[in-house]
């Protein structure tokens, strides 16, 4: 019964995502900025390449590092790989002026990112005090608060990059 | 290669980069990148810019052989 419920939830999620993509493709096709789309495509490529490098790098580290060296457990490693790809994508997009869709305020996006970063890091440090045993038998064990930390880093980096880009654009406009 | 023809045509029309971007439905940064020669626009965007500035494709985007 529980297995059936899980499959139904997965199917519903797939249906909702499919509907969202179909609606987006139908109604948002004509309004896009081609330079931004190009930069996002390159950003995806760079993010993907970065994920591959992290994967290969960690496998190499795991192979050559002595037994006493700290290693990551599977969820920690998955989180690290995904966050690296995401951060590279976002920072590249911000650097190439592809951060906000047409008609969106980039200043508001930067402020939102920095606020979210502050919230995530605050939550991480508060939770950090209550927990212990991060490393068990030389393996960095996954804790839910690492998600807060990685989100904080990701939002912080993209927020800072957006602010730098906004300042550069302002100077460009003044020239 | 900077697109000075487009920049002067825009100035002649008394349009800012932001205004031209709004007419062509792209971001200001895209117009800026085209004028600076950092980005090659698609033919669709070239036509939109030409229409907005009342110019032909030749006048705005056909450079001298020495410029290419």
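The values are calculated or read from the model by the stated rules, or taken from the named source; none is laboratory data. Just so we're clear, the structure is a prediction, and the values are computed from it rather than from any experiment. As a convention, Cβ positions derive from the backbone with ideal geometry for all residues, glycine included, and neighbour counts pool all protein chains shown.
Data overview
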| quantity | calculated |
| --- | --- |
| For residue A:66: the one exception among (1) without any contact (Cβ under 8 Å) to a residue 40 or more places away in the chain; (2) in a helix (DSSP H, G or I); (3) closer than 21 Å to residue A:136 by Cβ | (2) |
| Number of the condition not met by residue A:41 [criteria: (1) touching a residue at least 12 places away in the same chain (Cβ under 8 Å); (2) under 16 Å from residue B:30 (Cβ atoms); (3) assigned to a helix (DSSP H, G or I)] | (1) |
| Selected residue [within 14 Å of chain B (Cβ to nearest Cβ) and not in a loop (DSSP other than H, G, I, E, B)] from A:35, A:51, A:13, A:4 | A:35 |
| Search result, residues across region B:36-54 that are modelled with pLDDT of 90 or more and more than 9 Å from chain A (Cβ to nearest Cβ) | B:43, B:46, B:47, B:48, B:49, B:50, B:51, B:52, B:53, B:54 |
| Test: residue A:87 is away from chain B (no Cβ under 14 Å) and free of Cβ contacts under 8 Å to residues at least 60 places away in the same chain | no |
| Exclusive hit being loosely packed, with under 10 Cβ neighbours inside 10 Å, assigned by TED's automatic domain parsing to the domain that holds residue A:142 and at pLDDT 80 or above, set A:74, A:49 | A:74 |
| Qualifying residue in region A:143-150 (condition: out of contact with any strand residue (DSSP E or B) (no Cβ under 8 Å at 6 or more places or on another chain), more than 14 Å from every other protein chain (Cβ to nearest Cβ), exposed (fewer than 15 other Cβ atoms within 10 Å of the Cβ) and modelled with pLDDT under 85) | yes |
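Residues checked against (1) more than 18 Å from residue A:150 (Cβ to Cβ); (2) modelled with pLDDT of 80 or more; (3) surrounded by 13 or more Cβ atoms within 10 Å (Cβ to Cβ):
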| residue | (1), (2), (3) |
| --- | --- |
| A:58 | no, yes, yes |
| A:66 | yes, yes, no |
| A:70 | no, yes, no |
| A:81 | no, yes, yes |
| A:90 | no, yes, yes |
| A:101 | yes, no, yes |
